[in-house]
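One structure is given below, encoded as structure tokens.
Any read-out appearing in this document is the output of simple, stated calculations on the displayed coordinates, not a laboratory observation. Since this is a predicted model, take the numbers as computed values, not measurements. A quick note on method: Cβ atoms are made from the backbone with ideal geometry, for glycine too, and the neighbour counts reach across all protein chains shown.
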Amino acid sequence: MAGGIYLIQDDDRLVEMMEQPYDSEDQLQDLLVTYPNLIAGDQIDRVTARKWLLISREAGMPSDEETAVQWSLDHLFLDQNAVPTLVDVRRTPNADIRQKVLGQSIDYAANVLVYWPIDSIIALFEANCRDRGRDPEQIFEEFLGADANEDRFWQKVKTNLQAGKVRLVFVADEISAEMRRVVEFLNEQMDPVEVLALEIKQYVSEDGLKTLVPRVIGQTAEAQQKKSSATRERRRWDESSFFAEIKARRGAEEAQMAKEIYLWAKNQEPEVQIQWGTGDAYGGFAAQLPQKGRKPYLLFTVDIAGRMEISADNYGSQPPFNSEQNWLELRNKLSSIGLSLPTEPGERRSPSLALFTLQEESAMKQVMETFDWVVEEIKTL
């Protein structure tokens, strides 16, 4: 290592700070946990600097054949747009380590949806908060603000995972020219995955003063153009585009199931509102019940993958289903149509049922009658 930086203090004294390696990878990992801003969100996105929510450190990933942990990711973060950011930390990787790190990290990205369903990611976040003696809701409010919709944020995380929209960040105290070329190539070719390297150099003065200098690598002009073009192409789904796409992907029968659910909600307007989602690869609609002075009551969503989904936490965190008796009755009703709520109303879970299970007229009728009952219960408030 060579080179240094210079600090001019208030008394005009020039302090020389020389580049110094980290004592261990653990030291660099600890710094990222304590100071997430070292991930240089202002360099990753110069228009809107990325902010970071730590989900877990040393997050285990199981093997294909077994439930035991095969390897672990150094850090899992989310940014304010709910993009999962997978961070791997190494001290100055050599050629062998570089190949291993790159291959392993691509494995992370390929398997993150399979082995980390959204419920598991929420559980990791809550466990990390407990380990640090912090309240998850308080941390979430500090991250996105008091008015943020937590359920909608986690749903967006799930949508990003389904679309393969994740970010890989390789962190080291020095990024070699070979590593730089590989990262730049991957970032240009892997869309919508973003692949970056982050070099964090440490400079130390004789009296122990430390300065850390992060530098993001991998954002070539070609890669930035591809990513920005993909962002511009995001669309808001509507009735016509959604049903054409679900028919093409899932077939005419499942498209008809989705249509019947949609018409149930449409026929109850304005008491029930339909909200269309956005996304270039995944989309759908939500049925929600407006409430005076409060956020709309989300009844369910139907997505282009052929699923009907509810938010257990959404139902269990507000009247009338936040009482023990009403929660039990709701559990029984939804269980009868294939939506299994957790025992505790405050538990975050997103039960879903496949639309193809509703091909029998009696099954579809039971689903609609169940949500008729749900709407009437909410309206009694």
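Values for this structure:
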| quantity | calculated |
| --- | --- |
| Distance cut-off 14 Å, percentage of C-alpha pairs in region 127-204 lying past it | 74 percent |
| Semi-axes of the equivalent ellipsoid for region 269-365, Cα gyration tensor, largest first, Å | 22, 19, 13 |
| For Leu298, residues with placed amide H under 5 Å, excluding near neighbours | Leu289 |
| Per-residue [θ]222 nm for the chain (sum of -39500 (n - 2.57) over DSSP H runs n ≥ 4, rounded to 500) | -13000 deg cm²/dmol |
| Derived scalar couplings ³J(HN,Hα) [region 199-211; Karplus, 6.51 cos²θ - 1.76 cosθ + 1.60; whole Hz; x for Gly, Pro] | 9, 10, 8, 10, 10, 10, 8, 4, 8, x, 5, 10, 9 |
| Per-residue Cβ neighbour rank within 10 angstrom, fewest leading, Leu339, Leu76 | Leu339, Leu76 |
| Cα-based convex hull, region 319-381, per residue volume (Å³, whole number) | 77 Å³ |
| Under the Debye formula (equal points on every Cα, no solvent term), log10 I(q)/I(0) of the chain at q = 0.07, 0.08, 0.11, 0.14 Å⁻¹ | -0.39, -0.51, -0.87, -1.25 |
| Exposure proxy order (Cβ contacts within 10 Å, fewest to most) of Thr85, Thr357 | Thr357, Thr85 |
| Extended-chain gain in nm, criterion 0.36 nm per residue less alpha-carbon gap, Arg215 and Ala110 | 35.2 nm |
| Gln9-Ser335 pseudo-label distance in nm [points 7 Å out on the Cα-to-Cβ vector] | 6.9 nm |
| Loop-located trypsin sites (Lys or Arg not before Pro) in region 108-168, at most 13 other Cβ atoms within 10 Å (DSSP) | Arg132, Arg134 |
| 19 Å Cα-Cα threshold exceeded, pairs from Lys51/Lys165; Lys158/Lys266; Lys266/Lys365; Lys292/Lys365; Lys51/Lys100 | Lys158/Lys266; Lys292/Lys365; Lys51/Lys100 |
